[in-house]
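To keep things clear, I will list the structure first and then write my remarks on it.
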Amino acid sequence: MNWHHLDIERIYSLLGTSQEGLSGQLVEQRLDECGPNELEEKKKKPAWVLLLNQFKDFMIIVLMAAAVISGIVGDSADTIIIMVIVVLNAVVGFIQEYRAEKAMEALRKMATPQTTVMRNGHAQTIPSSELVPGDVVVLDAGNTVPADLRLFESKALRVVEASLTGESVPVDKTTEAITEQDLPIGDRFNMAYKGTQVTNGRGKGIVVATGMNTEIGQIARMLQEKETITPLQKRMADFGKKLSYLILGICVVLFGVGLLRGEEPLGMLLIAISLAVAAIPEALPALITVALSRGAKRLVKKNVLIRKLHAVETLGSVTYICSDKTGTLTLNKMTVVEVKPDGNAPQLDQELSALEIAMILNNDVRRQRDGNFTGDPTEIAVVDHIYKQHSVDAYNRVQQQFPRVAELPFDSDRKCMTTIHRLDNRYIAFSKGAVETIVAVLATSDHGEAIHQDAEQMASNGIRVLGYGFRVLDHLEEPFRYEDIEKDLLFAGLVGMIDPPRKEIPAAIKECRTAGIHPVMITGDHKETAAAIAREIGIIRTDELVVTGTELARMDREQFDQQVERIAVYARVSPEQKLNIVKALQRKNHFVAMTGDGVNDAPSLKKSNIGIAMGITGTDVSKEASHMILLDDNFATIIKAVREGRRIYDNIRKFVKYIMTCNSAEIWTIFMAPLLGLPIPLLPIHILWINLVTDGLPGLALSAEKAEKNIMRRPPRRTDESLFSEGIGVHIVWVGILMAGVTLATQAWALQRDNTHWQTMVFTVLSLAQLAHVLAIRSEHEFIYRKGFFSNPLLLGSVFFTFLLQLAVIYLPFANKIFKTQPLTMAELAICIGVSVLVFHAVEFEKMVKKFMLERRSGQSRR
């Protein structure tokens with residue numbers, strides 16, 4: 001129900017209450033009907049269920065089946081290694097899912113433990129969980145509002161609603177009914193909402209909603225929506241399923257061909273298992289986890305804290321960044337940008353204008369020992385301006401010259417604050433407030449229209465405008481009323497202030513657009529202020545729209561979906577609308593990053609593809625619902641993180657390319673050998689060594705590869721893009737066949753010469769060919785001779801170390817027993833190295849062909 005539309009008497013009637021509060025009997029009855037004033041939690045999955053869910057992946061099931069069969073036929077080494085990998089993968093997944101359950105717990109902690117209510121005509125303190133609709137709550141400065149209230153008494157009551165609206169400026173509360181329709185929460189001035197903070201004054205309100213029916217309860221309900229899976233999770237799930245089916249198909253074909261040739265069933269089963277072990281990239285889940293972890297570690301140095309590991313890669317696929325304005329795009333510090341003193345005002349001081357005297361005297365700012373100011377952000381901006389333009393001494397001199405003797409505090413009805421000071425044997429009153437309020441009480445209205453025009457001109461640029469006036473009093477009658485003081489004022493001038501954008505933001509927005517990412521501003525500010533800032537920093541382009549929450553409420557889903565890609569700024573939107581913005585963009589197949597700091601942002605942070613909470617101003621709820629936290633609350637830091645995310649995804653693609661090419665080579669080698677009449681070239685222990693060591697160590701080092709030069713000049717990855725796009729699938733097949741070809745050629749050559757070391761040579765060629773391959777695929781486009789072998793020392797070191805390990809497997813006696821290898825002669829080792837190097841040059845030649853084809857296509861398109 002729209003309680004803010006109703007007058008107090010109507011609410012008393014609907015809820016059966018009065019200023020005296022409810023009776024004890026009615027309280028018990030309503031507590032039974034409505035339940036306690038608490039947020040409900042969705043039933044949690046037990047920890048053991050979360051852990052078991054990690055084993056449901058099809059690829060994991062195939063791996064476990066292979067491990068069990070290996071164990072049955074007596075190959076315990078394979079079983080142990082595969083099961084260790086499976087368990088480690090499950091533990092990592094379990095930790096991530098378990099941490100995702102924390103957002104609701106943080107929201108529940110925001111509950112107020114004790115509340116003062118009126119019951120049976122008497123004030124009493126009760127647990128806030130016992131509040132019911134119709135209760136009358138007493139509010140004082142420092143209180144957290146315990147439920148949603150319709151206010152009926154307000155004495156200079158001001159409430160910070162940042163947790164719901166995202167705006168940190170306190171809101172002045174009124175009691176009159178509001179007739180306007182479709183008002184956002186921030187404009188319902190006669191309401192106080194659960195979880196917000198009273199900063200000034202006192203008041204009373206009737207409880208109109210408790211528990212999950214409150215605005216914060218609606219947010220809690222939205223938080224229980226299912227979380228969006230990341231692009232990498234989608235791609236890996238698709239990859240795992242297709243790979244598993246392919247492996248099973250190849251194994252069945254190989255087993256069938258063997259039986260038709262009259263081979264022993266058990267022997268063929270062992271070969272089929274060897275093929276399955278060769279095909280499944282056991283090291284891939286671990287490599288991806290390590291790559292993401294390394295990326296997360298690098299991002300911490302750039303003021304980004306990753307909470308959910310897959311968010312690191314998701315950054316590289318983002319197409320929309322929906323950013324809060326205050327503190328992220330701006331400094332979150334009101335700053336005076338324009339001071340317009342009235343030229344006709346009398347001079348009160350030789351050095352300072354009447355307007356500057358008013359700015360010094362009409363505020364309640366206090367300076368702490370550490371030099372920081374406390375008080376209203378607007379007043380702090382005014383005092384800070386005086387300090388910078390003049391000096392601390394000038395400020396203190398005026399304060400001493402005009403000592404304060406009385407004040408009329410600001411209230412939302414007058415929209416004005418007045419302080420009264422001694423002036424020799426008389427008094428002087430300085431008033432500040434809304435421009436229309438000051439103009440209305442001036443001694444003359446001659447310049448009223450000109451003042452309004454000046455104020456409107458400033459407001460059109462997103463500037464918040466304050467008017468100042470003053471009058472000299474011969475005497476001060478007590479008790480004094482504001483009607484007697486705030487009249488016949490002389491105009492002192494106008495002061496304009498704004499929360500300015502960060503200096504680095506325009507460049508970050510430009511880089512954002514170059515990278516194919518659309519920046520969108522979402523703010524609790526009014527439309528004009530939001531649009532002015534957005535234009536200044538480059539978010540709005542000529543064909544883009546600025547939409548308010550009220551206008552958004554009038555659109556149906558179809559209309560919104562048609563417009564959503566044209567909207568650059570959203571002003572005065574509700575938490576539910578923020579969530580709908582994310583959903584609408586996702587329906588258009590966009591990957592959405594959403595920033596936020598308040599409780600109101602939590603549902604959209606959780607639903608977005610990557611939720612980004614603020615580290616400085618963010619609430620615990622927003623941080624728990626997010627995927628990553630900006631430690632400096634700066635939009636420009638997001639762009640740095642996007643660059644890192646793209647680099648990480650590129651490197652993940654590189655080691656998917658590397659590992660799957662290696663596995664492809666193993667599959668072709670094992671599959672083709674029997675068809676060519678050759679003995680099975682590799683033992684299961686050889687395959688596991690290649691998959692875990694030869695693949696694993698260089699694969700890990702690929703995660704340290706530097707970003708490609710064009711990384712922020714290309715569009716984001718398409719949401720439906722496969723891991724094998726842009727020729728990676730073709731590369732895996734043809735290079736796999738090439739590596740298998742040189743391996744089988746080496747085997748055939750050695751067998752023809754009755755070389756008893758043939759299996760060790762096959763094992764060595766395949767291992768070293770993979771090391772040659774990893775050196776070549778460090779860049780998709782650049783030739784390694786030009787890029788430089790030493791640009792990634794970690795990779796070069798890992799290749800050299802793996803080469804030494806391979807030599808140890810060949811030449812150490814105890815390793816010969818484990819791996820069934822034999823020492824090679826220097827000539828045999830040289831042959832193995834020489835054959836392997838062919839793979840490196842073949843991949844470099846592939847880049848040359850690609851570059852030629854690309855230049856040819858671009859030349860044809862220009863014609």
Do you know which residues across region 664-675 are of a type in the set (A, V, I, L, M, F, W, C), open to solvent by 10 Å² or more (accessible area, probe 1.4 Å) and at pLDDT 85 or above?
Trp668, Met672
Examine region 762-782 for a residue that is in a loop (DSSP other than H, G, I, E, B) and over 13 Å from Lys654 (Cβ atoms), and state whether such a residue exists.
no
May I ask you to verify whether Gly134 is under 17 Å from Gly21 (Cβ atoms), surrounded by fewer than 24 Cβ atoms within 10 Å (Cβ to Cβ) and touching a Ser or Thr at 6+ places or on another chain (Cβ under 7 Å)?
yes
Residue by residue through region 702-733, note down the ones that are under 22 Å from Leu838 (Cα atoms) and touching a residue at least 12 places away in the same chain (Cβ under 8 Å).
Leu702, Gly727, Ile728, His731, Ile732, Val733
Hey, could you check region 153-202 for residues that are touching an Asp or Glu at 6+ places or on another chain (Cβ under 6 Å) and in a strand (DSSP E or B) and say which is farthest from Thr214 (Cα to Cα)?
Ala156
Considering region 434-464 alone, what residues qualify as being open to solvent by less than 30 Å² (accessible area, probe 1.4 Å), under 38 Å from the mean Cα position of the chain (by Cα) and closer than 30 Å to Ala177 by Cα?
Ala434, Ala455, Gly462, Ile463
Hits in region 785-831 - residues which are open to solvent by 20 Å² or more (accessible area, probe 1.4 Å), of a type in the set (A, V, I, L, M) and assigned to a loop (DSSP other than H, G, I, E, B)
Leu812
Scanning region 832-850 for residues that are open to solvent by 60 Å² or more (accessible area, probe 1.4 Å) and farther than 15 Å from Gln770 by Cα, the one nearest to the chain's Cα centre (by Cα) turns out to be Lys850
Restricting to helices (runs of 4 or more DSSP H) lying wholly in region 466-544: which have 2 or more residues that are within 24 Å of the chain's Cα centre (by Cα)?
505-514, 527-537
What pairs can you find where one residue is in region 271-299 and farther than 21 Å from Glu666 by Cα, the other is at pLDDT below 70 and open to solvent by 10 Å² or more (accessible area, probe 1.4 Å), and their Cβ atoms are less than 7 Å apart, with a gap of 6+ or different chains?
Thr289/Val92
Given the options Glu215, Glu180, Glu161, name the one that is open to solvent by 10 Å² or more (accessible area, probe 1.4 Å) and under 28 Å from Arg30 (Cβ atoms).
Glu215
The conditions are (1) open to solvent by 30 Å² or more (accessible area, probe 1.4 Å); (2) in contact with a strand residue (DSSP E or B) (Cβ under 9 Å, 6 or more places away or on another chain), and Ala532 fails exactly one of them. Which is it?
(1)
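Let's see how each residue does on (1) surrounded by fewer than 24 Cβ atoms within 10 Å (Cβ to Cβ); (2) assigned to a loop (DSSP other than H, G, I, E, B):
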residue: Ile612; (1), (2): no, no
residue: Lys623; (1), (2): yes, no
residue: Val656; (1), (2): yes, no
residue: Cys662; (1), (2): no, no
residue: Pro681; (1), (2): no, yes
residue: Ile685; (1), (2): yes, no
residue: Gly699; (1), (2): no, no
residue: Ala704; (1), (2): yes, yes
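The values are calculated or read from the model by the stated rules, or taken from the named source; none is laboratory data. In this text, all values refer to a predicted model and were calculated from it rather than measured experimentally. Neighbour counts run over all protein chains shown; Cβ positions are idealised from the backbone, glycine included. For the accessible areas, the whole protein counts, side chains as well, though only heavy atoms, and no ligand, DNA or RNA atoms are used. Shrake-Rupley method; radii C 1.70, N 1.55, O 1.52, S 1.80 Å.
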